[in-house]
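The values are calculated or read from the model by the stated rules, or taken from the named source; none is laboratory data. What you see is a predicted model, and the numbers here were worked out from it, not measured in a lab. Please note: Cβ atoms are built from the backbone with ideal geometry, for glycine as well, and neighbour counts cover all protein chains shown.
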Amino acid sequence: MTFRGDEHIIPRDYLVVMNIAPYMARRDTAYDRAVYLLRECLFSYSEEGRNDIYSSVLKLLGICIETTRLIVSPTKDGRDEKGTAILQYLLLLNDTILAASAMVRHEMALFEDEDTLSGFIGKDISKQFRSTDEIFNNSEMNIYHCISELVDMSEPTMVKYREFMKKTFSKSNLNRYVKAFAEYQTLYGNFSKQEEKSPEVKP
């Protein structure tokens, strides 16, 4: 994958351009934290624990997507920003994690609502629920493996992209990036659902 410099960028709102460095720092730290959470022995946690982790990761990816939409520039051929590779990747990752999150939420709902559903259907369906739970658990694990492979395959390009963009900064903007990166790293270091109100992104 190749990247293009400033000569290919259409001028945008001055405030957006001025804030690209801190926007990128926010995006990069949120992404790093999301990847860390995904790689943190996810299946050593209960369904509730995994649900919380997925929720936090989706909020962090929401931040990544929001800031990427602010900093991505349309090119001279007029292509929409959604066509850019970095945004496409983040949206794909977000959608895939949403699928895994839906599986674990379904597992939780099966047991939380078992008595109510058994009463509604009119017979004991516990055995059926156990079988269904195994199916959804296996589906979650399969989706998680896809997530891990996607993140691993994308890592070299993400690193290359980040380093390329940093090299385009002036000295003052690079200093702003470094300072903002450190601040956001602290902010997202102990990220939980309560610490950030950004919504999940559902394109």
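One table, with the values for the structure above:
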read-out: Selected residue (only one of Asp77, Asp32 is modelled with pLDDT of 95 or more and among the acidic types (Asp, Glu)); value: Asp32
read-out: Single residue of Met165, Met158, Met153 found to be within 21 Å of Leu91 (Cβ to Cβ), at pLDDT 90 or above and surrounded by 14 or more Cβ atoms within 10 Å (Cβ to Cβ); value: Met158
read-out: Among the residues listed as Tyr45, Tyr36, Tyr54, Tyr31, the single one being under 17 Å from Leu90 (Cβ atoms), surrounded by fewer than 20 Cβ atoms within 10 Å (Cβ to Cβ) and of a type outside the set (A, V, I, L, M, F, W, C); value: Tyr36
read-out: Top-ranked residue in region 35-72 [being among the small types (Gly, Ala, Ser) and either assigned to a helix (DSSP H, G or I) or in contact with a strand residue (DSSP E or B) (Cβ under 6 Å, 6 or more places away or on another chain) (or both); ranked as farthest from Arg105 (Cα to Cα)]; value: Gly62
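For every residue, the table says whether it meets (1) farther than 20 Å from Ser55 by Cβ; (2) surrounded by fewer than 17 Cβ atoms within 10 Å (Cβ to Cβ); (3) at pLDDT 80 or above; (4) in contact with a Phe, Trp or Tyr (Cβ under 6 Å, 6 or more places away or on another chain).
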{"site": "Gly83", "(1), (2), (3), (4)": "yes, yes, no, no"}
{"site": "Tyr89", "(1), (2), (3), (4)": "yes, no, yes, no"}
{"site": "Leu92", "(1), (2), (3), (4)": "no, yes, yes, no"}
{"site": "Ser101", "(1), (2), (3), (4)": "no, no, yes, yes"}
{"site": "Asp115", "(1), (2), (3), (4)": "yes, yes, no, no"}
{"site": "Ile121", "(1), (2), (3), (4)": "yes, yes, no, no"}
{"site": "Ser131", "(1), (2), (3), (4)": "yes, yes, no, no"}
{"site": "Asn137", "(1), (2), (3), (4)": "no, yes, yes, no"}
{"site": "Met141", "(1), (2), (3), (4)": "no, yes, yes, no"}
